[in-house]
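For reference, the structure discussed in these notes is given below.
The values are calculated or read from the model by the stated rules, or taken from the named source; none is laboratory data. What you see is a predicted model; the values in this text were computed from it and never measured. Here Cβ is always computed from backbone atoms with ideal geometry, including for glycine, and neighbour counts include all displayed protein chains.
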Amino acid sequence: MIVDDEPDILDLAKRILEGQGYHVITASDGDQALRTAETEVPDIIFLDVVMSGRSGLEVCKILKSQPKTKHIPVVMFTALGRDIDRKLTTEAGSNGHFIKPFTSEALLTEVKTHLDQARMNKFSRQLGFEHDKLRGKKILLEFDPSTRYERFTRDFALESASHNEAVIILTKKGSAVQRALEGETGVEIIDLKTDLMLSPILETHREGSSLSLVYDSLTDLALSQKPQAAYMFAHSAIDRLVSPTITALFLLNSEAHDSKEVYSLRGIFSDHVTYGKQGAIVTRAT
C-alpha cells in the first residue's frame, strides 16, 4: 500500500510496482490508510510523513499499536532526510525511511528487501514466538470467513519457504488460499479432493527434512461427507504427522459447524489459534 497526498507520487509508485507484478492499493490521507490497512492487511506500507489531517508519524504509531497491523512493515515515504527526521520515524515504529524523489530501481529494491525480511518470521511473530518454536506444531486454525484469513495462511507458507522448508498446500482450485499463494516460489499447491490421502504425499517427503503442510479445510470435508469424517481425518492425520520435522496447519470455519463438532475437533489438537477481525489469537499452545 502506498499512502501519499500527492496524486503524481501515487501514480508513479503504483505504475513502477505493478509493472513488476505487485498488486498495489493506495490511500491519500492517514484516516483512509488506517481503514484500508485494517481491511486489506497489506504486506508492506509506504507512508508519507507530511499529509493533511493525521501525519504519517501518527498513522505509523497507530498501525504499530494494533494487533492486526503491527507486524506489517511500514516504510516512511518522505522528502525529509535529516538525521532528526530519521530519528522521529524510527521512534514512531517505522521499519525504514525512503527518500523522495526516487528511482524505479531504488523503490523496487526497498520493497523486496522489506518483504524478504518480513517473510522470515511474520507468521510466528503474530503468534508471539520465533520460527524455531513453530516447527513441529500441529495447529488448528479457526478462522472468520469475513476476514483475510488467507493472508494469514500465506504468511505461514511463505515463512516456511523462506527457511528452506518444503511447503505443500492442500486446497480446492479457486479457493481464497489457492489464489493467495498462486505463483509463489517454493510452494506446491495440490488440488484438495474428498478422497485425498496423506500417505502418498508424505512418502515423497525426504525423511529428516522439514515439511510444512496446510490442509484447507476440515469444514469442506465435514460438509461434503459428514461431521464425523472431519474428526476421523484430523485424528488420523495427527498420528501420521507426528514427526517433529513436520509442521501442519488445519483450517476450520467454525461458524459452519455446531459447537459440539468444533469442541470435538479442538480436542485433537494441542495447539489452537483463532483468526478474527482483531487478527491472530493463540488460545492454546504447547
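Values as computed for the structure displayed
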item: Criterion (touching a residue at least 12 places away in the same chain (Cβ under 8 Å), assigned to a helix (DSSP H, G or I), crowded, with 19+ Cβ neighbours inside 10 Å and assigned by TED's automatic domain parsing to the domain that holds P200) met by exactly one of E255, E261; result: E261
item: F123 being touching a strand residue (DSSP E or B) at 6+ places or on another chain (Cβ under 9 Å), more than 30 Å from R284 (Cα to Cα) and touching a residue at least 12 places away in the same chain (Cβ under 8 Å); result: no
item: Only one of E142, E159 that is under 13 Å from the mean Cα position of the chain (by Cα) and acidic (D, E); result: E159
item: Condition met for L249 (part of a loop (DSSP other than H, G, I, E, B) and either more than 19 Å from K173 (Cβ to Cβ) or in the same structural domain as S162 (by TED's automatic domain parsing) (or both)); result: no
item: Test: residue in the range 164-180 that is of a type in the set (G, A, S), closer than 20 Å to G279 by Cα, assigned by TED's automatic domain parsing to the domain that holds S212 and out of contact with any strand residue (DSSP E or B) (no Cβ under 9 Å at 6 or more places or on another chain); result: yes
item: Hey, D83 farther than 17 Å from L17 by Cα, among the charged types (D, E, K, R) and out of contact with any strand residue (DSSP E or B) (no Cβ under 7 Å at 6 or more places or on another chain) or not; result: yes
item: Some residue of the range 140-159 being buried (at least 17 other Cβ atoms within 10 Å of the Cβ), in contact with a helix residue (DSSP H, G or I) (Cβ under 9 Å, 6 or more places away or on another chain) and more than 30 Å from G267 (Cα to Cα); result: no
item: Residue in the range 163-178 that is farthest from T204 (Cα to Cα), counting only those that are buried (at least 18 other Cβ atoms within 10 Å of the Cβ) and in contact with a Gly (Cβ under 9 Å, 6 or more places away or on another chain); result: E165
item: Any chance A13 is within 21 Å of T103 (Cα to Cα) and either in contact (Cβ under 8 Å) with a residue 40 or more places away in the chain or buried (at least 22 other Cβ atoms within 10 Å of the Cβ) (or both); result: yes
item: Subset of the range 16-56 [touching a Lys or Arg at 6+ places or on another chain (Cβ under 8 Å), charged (D, E, K, R) and free of Cβ contacts under 8 Å to residues at least 60 places away in the same chain]; result: D29, D31, E38
item: The range 258-277: number of residues that are of a type outside the set (K, R) and more than 25 Å from the chain's Cα centre (by Cα); result: 6
item: Residue that is within 24 Å of the chain's Cα centre (by Cα) and either in contact (Cβ under 8 Å) with a residue 60 or more places away in the chain or surrounded by fewer than 20 Cβ atoms within 10 Å (Cβ to Cβ) (or both), where the choices are P244, P200, P227; result: P244
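For (1) in the same structural domain as T185 (by TED's automatic domain parsing); (2) over 24 Å from Q66 (Cα atoms); (3) aliphatic (A, V, I, L, M); (4) without any contact (Cβ under 8 Å) to a residue 60 or more places away in the chain, each residue gets a yes or a no:
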residue	(1), (2), (3), (4)
G93	no, no, no, yes
H131	yes, no, no, yes
K138	yes, yes, no, no
E150	yes, no, no, yes
S162	yes, yes, no, yes
